[in-house]
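Notes follow the structure.
The values are calculated or read from the model by the stated rules, or taken from the named source; none is laboratory data. What you see is a predicted model; the values in this text were computed from it and never measured. Positions of Cβ are backbone-derived with ideal geometry, glycine not excepted, and every protein chain shown enters the neighbour counts.
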Amino acid sequence: MRRELGGGTVLAPVPAVLVTCAYEGRENVFTAGWTGIVNTRPPMAYVSVRPSRFSYDMIDKSGEFVINLTTKELVRAVDICGNKSGRDTDKFKLCRLDTVPSEKVGCPILAASPLALECRVRQRTELGSHTMFIADIVGMSADERFLDSKGKLNLEQAGLIAYAHGQYSSLGRGLGRIGYTVRKKGKRT
């Protein structure tokens, strides 16, 4: 039996990422759960941000941001960066987050992030409580520990985290690779 709960924002799990941004010499990092991929060719992503947030103007004015995937080791920083404001807190310092320069945008990348997507805003859509920044992914960098000898990305051992209904969780054991149900017998799953 099911019960109707009305309209709401529960879609879980969602990525718990740290978004970095910069404008006119200031940098900030914040937690976002409302983010994802919106297109393959060209590669595009989005992040939804409340206009009242400190990072909103940085992204709006610079037209750039970086989506940094997070791990079990970064969960404390994810929580702090989602509950403190960059208006009055240097979250990089508070969370001991080292950064490296981006290749394609003017925002820092978190050194501890296994994968960073460098994004340049293509479109802003005001939706009500949030503005969705839809962006081209103009660069992507990965921690070399998660690249195999052929340069293929393998994030299975990264310890990625997700957010679901008030709880951070570590992604668990894989259940099957894409297409495993249609592969011929003897092929790798």
I need the full set of residues from the range 139-156 which are surrounded by 10 or more Cβ atoms within 10 Å (Cβ to Cβ) and in a loop (DSSP other than H, G, I, E, B), in order please. ASP143, ASN154, LEU155, GLU156
Selected residue (criterion: surrounded by the fewest Cβ atoms within 10 Å (Cβ to Cβ)) from residues of the range 101-127 that are in a loop (DSSP other than H, G, I, E, B) and in contact (Cβ under 8 Å) with a residue 40 or more places away in the chain: LEU127
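What do you reckon, is SER52 small (Gly, Ala, Ser) and either under 19 Å from PRO15 (Cα atoms) or in contact with a helix residue (DSSP H, G or I) (Cβ under 6 Å, 6 or more places away or on another chain) (or both)?
Details: small (Gly, Ala, Ser): yes; either under 19 Å from PRO15 (Cα atoms) or in contact with a helix residue (DSSP H, G or I) (Cβ under 6 Å, 6 or more places away or on another chain) (or both): no.
No.
Hand me the list of helices (runs of 4 or more DSSP H) wholly inside the range 1-99 holding 3 or more residues that are within 15 Å of the chain's Cα centre (by Cα). Steps first, answer last, please.
Numbers: elements: 54-62, 75-83, 91-94.
Counting at least 3 such residues, we get 75-83.
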When you scan the range 95-106, do you find a residue that is over 19 Å from ALA116 (Cβ atoms) and touching a helix residue (DSSP H, G or I) at 6+ places or on another chain (Cβ under 9 Å), even just one? no
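Let me confirm something: among GLY159, GLY139, which residue is modelled with pLDDT of 95 or more and among the small types (Gly, Ala, Ser)? Talk me through it step by step, then tell me what you get.
Working: GLY159 fails: modelled with pLDDT of 95 or more.
When all the criteria are applied, what remains is GLY139.
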